[in-house]
Every structure is written in C-alpha cells, then in structure tokens.
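*Asks:* Once you've had a glance at the structure underneath, I'll fire off some questions.
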Amino acid sequence: MSSLDTAASVLRLIARLERETTVTEVAARLDLPKSSISRLLKHMGDAGLLERDPATLSYRPSLLLLEVGRLAYHDAPLCDRMEAALRDLTQLTGHTGYISVLEGSDVIVLRVSPGTHALRLVTFPGYRSPAWATSTGRALLARLDDAAVAERLAGVRYELSSNAPRSLAEVLQRLARIRRERVAVAVEETMEGTGSVSAALLDPATRSALALCLSFPLRGRGEADAEVRRMAELITKKAESVGRACGDPQWSPQGALQDQHEPDKVE
C-alpha cells in the first residue's frame, strides 16, 4: 500500500471515529508499524492535512480539509440555490438549517445556517450522523431504491432511541412515506428535545443529491406537532422552488406520484 493510500486510510479512520486520534491508535487500527505511522502523520501535519494537539499529541483534521470539502460543492448550482433557500428559512423561522450529503450509511453536514433563537442546537460542517436515524439521511436515502438502501445499511446496528427505526424493514417503511410526501421528519431520535424536517434535491446533470434541513427544539407534544407541520410546509415550498429551477423531477407537479414508482439513483 502506497503512502497516499495509507494517508487516505488515516483520514477515513478519523472521520469514522469522529474525534482526534493518536499514533498508537492509528497504528493498531490499521495494523501497521507504529514507526511508519508516526512518520506519516508528521508528514501529513507538515503538509497541512492534519493538526497536532501539543498537550495530548493527538492528531485531528486541519481547516484546509474542511475548506477543500466545502469547495467540492462550492460551484454546484444546486448547492448555491439551496444555500440561498436555507438563509431565507433560517431568517423566517429563527431555526438552524443545514445542507448535508449522503456518504455510505452516514449523512455529513456541508453547510450550516445558524438560527437566531436563544435555545438552539448547532452542529458544524463535517459532522457525521447515522443516515437512517436523521431526517436529512432518510430524505436522501428515499432517493435510492430499496435494494440500494439495504446495501448501504448492511451491518448497521439499530441501537438509538425508541423513536428511531429499529430495523431495516422499519427504515424502508419510513422511506416509502417520504417518497409519497417528499419531506422527512425526525423527532427526538439522535437527541432528546429536538426535531427536524428535511427535503432532498437532486441535480439531474450530476445525479448527486443534497438535503435541506431545519432543526428546532421541542417544548411539548401539542406544540411540537404544530411546529413540525409548519416547518414541513415551509421546507416543501422552498424545495419545490429550488427543485423546479434545477430540473429535479421529484419536485415537478407530478413528482410525488412519479417518485413512488421510479426512485432516483444517487451517486
């Protein structure tokens, strides 16, 4: 395995761990000599790919990687339109908004529009969550057919809150509803006291998809239901506007019915 391959494996490991890591841990997890990993991580640090905490001697991704990740979608017309729509939604509602992308069985935050309410939860670009237990992830998974979803979620352990799906069958059941309604909802699945609504949009030219999301605190069952409905209506209107502008067939007037029978394939 080349040094470049090993460096890529290191970055994938850090992404999977979602935290800093040490030379010892990387060497053990990749089953490679500690001396080789030590030299590689130092070189990656010197090149600006990693940063090292002087106190713990742990390595973490550099800001350069975050900027490169943002650049991957920076020039995409779909992402630009979604970012403008997200700003409108956060200004209108005061809630935090996100644009996210599907990667394997996870969903990763690309862009964040912080809300204005005093009580709010904000995650940051690069944050990774289980796709099957989030509204953004399920909105994106719904753009795949069931066989592709099953392949992505192979080996997943459904061990989150009781509000989250407990099996692949339950995930597929929820995805069927999303394909009909075009909006995904999550209530207290990955974090207590929070809810979110999401819609996925696809760029027909690149066949890549992104999810638009609003996240908000929940204060009581009756109020929560009303807030979820209101957010779903708002995000549907914005998704329809963006989707029709970029030519996403799901957001055409006949899109909801068509998508029940012909789920898009997301690359």
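The values are calculated or read from the model by the stated rules, or taken from the named source; none is laboratory data. Owing to the predicted nature of the structure, the values given are computational and were not obtained by experimental measurement. Note that we place each Cβ from the backbone using ideal geometry, even for glycine, and neighbour counts take in every protein chain shown.
*Asks:* Do we have any residue at all in segment 145-153 that's surrounded by 23 or more Cβ atoms within 10 Å (Cβ to Cβ), among the charged types (D, E, K, R) and touching a Leu at 6+ places or on another chain (Cβ under 7 Å)?
*Replies:* no
*Asks:* In segment 121-143, which residues are assigned to a loop (DSSP other than H, G, I, E, B) and at pLDDT 85 or above?
*Replies:* Listed by number, the residues that qualify are Thr134, Ala142, Arg143.
*Asks:* Looking only at segment 148-200, count every residue that is touching a Lys or Arg at 6+ places or on another chain (Cβ under 9 Å), among the hydroxyl-bearing types (Ser, Thr, Tyr) and in a loop (DSSP other than H, G, I, E, B) and tell me the total.
*Replies:* Here the count works out to 1.
Every residue, every condition in (1) under 14 Å from Cys213 (Cβ atoms); (2) buried (at least 22 other Cβ atoms within 10 Å of the Cβ); (3) modelled with pLDDT of 90 or more, yes or no:
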{"site": "Glu67", "(1), (2), (3)": "no, no, no"}
{"site": "Arg70", "(1), (2), (3)": "no, no, no"}
{"site": "Tyr73", "(1), (2), (3)": "no, no, no"}
{"site": "Pro77", "(1), (2), (3)": "no, no, no"}
{"site": "Leu92", "(1), (2), (3)": "no, no, yes"}
{"site": "Ser100", "(1), (2), (3)": "yes, yes, yes"}
{"site": "Ser105", "(1), (2), (3)": "no, no, yes"}
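*Asks:* Oh, and also: Tally time: how many residues in segment 1-47 are of a type in the set (S, T, N, Q), closer than 19 Å to Leu65 by Cα and at pLDDT 90 or above?
*Replies:* Adding up the residues that qualify gives 4.
*Asks:* Moving to a separate point now. Being more than 14 Å from Met231 (Cβ to Cβ) and of a type in the set (A, V, I, L, M) narrows it down to one of Ala85, Ala199, Ala139, Ala150, so name that one.
*Replies:* Ala150
*Asks:* Considering each residue of segment 5-26, count those that are in a helix (DSSP H, G or I), under 15 Å from Met44 (Cα atoms) and not basic (Lys, Arg), and give that number.
*Replies:* 11
*Asks:* Only residues that are farther than 10 Å from Tyr59 by Cβ and touching a strand residue (DSSP E or B) at 6+ places or on another chain (Cβ under 8 Å): list them for segment 1-15, please.
*Replies:* Those that are farther than 10 Å from Tyr59 by Cβ and touching a strand residue (DSSP E or B) at 6+ places or on another chain (Cβ under 8 Å): Leu11, Leu13, Ala15.
Listed here are the residues, each with its yes/no results for (1) small (Gly, Ala, Ser); (2) farther than 26 Å from Ala131 by Cβ.
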{"position": "Thr6", "(1), (2)": "no, yes"}
{"position": "Ala15", "(1), (2)": "yes, no"}
{"position": "Val23", "(1), (2)": "no, yes"}
{"position": "Ala27", "(1), (2)": "yes, yes"}
{"position": "Asp31", "(1), (2)": "no, yes"}
{"position": "Ser35", "(1), (2)": "yes, yes"}
{"position": "Glu51", "(1), (2)": "no, yes"}
{"position": "Pro54", "(1), (2)": "no, yes"}
{"position": "Tyr59", "(1), (2)": "no, yes"}
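*Asks:* Among (1) closer than 30 Å to Ser100 by Cβ; (2) modelled with pLDDT of 90 or more; (3) not in a helix (DSSP H, G or I), there is one condition Arg60 misses while meeting the rest; what is its number?
*Replies:* (2)
*Asks:* Which count do you get for residues in segment 31-45 that are surrounded by fewer than 17 Cβ atoms within 10 Å (Cβ to Cβ) and part of a helix (DSSP H, G or I)?
*Replies:* Total meeting the criteria: 8.
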